[in-house]
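Inspection log for the structure reproduced underneath, given as structure tokens.
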Amino acid sequence: MGIRTRLVAAAMVAGLTAVTGAAAASAAAPAAPSSAQPDSKKDNGKKDEGRKNDEQLAKVAASLHVTVKRLTTALGNLKRAVVNGTDKAAAIAAFARELGITVARAEKVLEALSGDPGPGKPAPDKEAGVPAEVVKLLAAELKISEDRARQVFKDLDKVGGKGDDVTKDPAFIAIAKGLGTTPQRLLDALRKVKEEFAKQEGGKPKGGAPSGK
């Protein structure tokens, strides 16, 4: 799986984090009342968002004829698998098996829960599936503008190599040259960005350098 695809998989995890987090929070016992005055606007906003996530989970679970708890557990397992470096296709296949559905159905479920607007309709804060935060991380790492970093991710679609061999791919070499850097430096930057994004999302990448696949 390409570097860009791995980052998109991380983005999918980010979208699911809010949903699974809300479900876990709603299942937890209510906290003791606090003497501090809450910020009513923020509190109401969080409640509304949590309610929407709970409703979406319940709706999807019902359509699959499974409990919300079973769906949330499967989503949590999927999130951990992707963050820890499991191939996206393999992770989704495992998610499908856990729920007793087809892979195609599983992909539709994930699109619905992650808020994916579908092909040709990128979300306002994403560029072709790449989170805005990932774009910012790459821009900072390579000391380039965010627009330039965004273009890098678009150009990565043309790269066919995998792992360390990607540095020999003509398209990848051209991207690095256009940035005034070496293919290896660009690969290292992309790997670092992937790790940083995973950490921000609460993941724990496997030891050693990422595969870059």
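The values are calculated or read from the model by the stated rules, or taken from the named source; none is laboratory data. Remember, it's a predicted structure, so these values are computed and weren't measured experimentally. Neighbour counts are summed over all protein chains in view; Cβ atoms, including those assigned to glycine, are modelled from backbone coordinates with ideal geometry. The area values use the complete protein model at the heavy-atom level, side chains included, leaving out ligands, DNA and RNA. Shrake-Rupley method; radii C 1.70, N 1.55, O 1.52, S 1.80 Å.
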Next item on the list: Output the residue which, of all residues in segment 66-85 that are within 19 Å of GLU111 (Cβ to Cβ) and surrounded by fewer than 17 Cβ atoms within 10 Å (Cβ to Cβ), is modelled with the highest pLDDT.
Entry: ASN77
Next item on the list: Only residues that are open to solvent by 30 Å² or more (accessible area, probe 1.4 Å) and either among the aromatic types (Phe, Trp, Tyr) or in contact with a Lys or Arg (Cβ under 7 Å, 6 or more places away or on another chain) (or both): list them for segment 157-170, please.
Entry: ASP157, LYS162
Notebook entry, point to check: Is it fair to say GLY115 is of a type outside the set (A, V, I, L, M), modelled with pLDDT of 90 or more and touching a helix residue (DSSP H, G or I) at 6+ places or on another chain (Cβ under 9 Å)?
Noted result: no
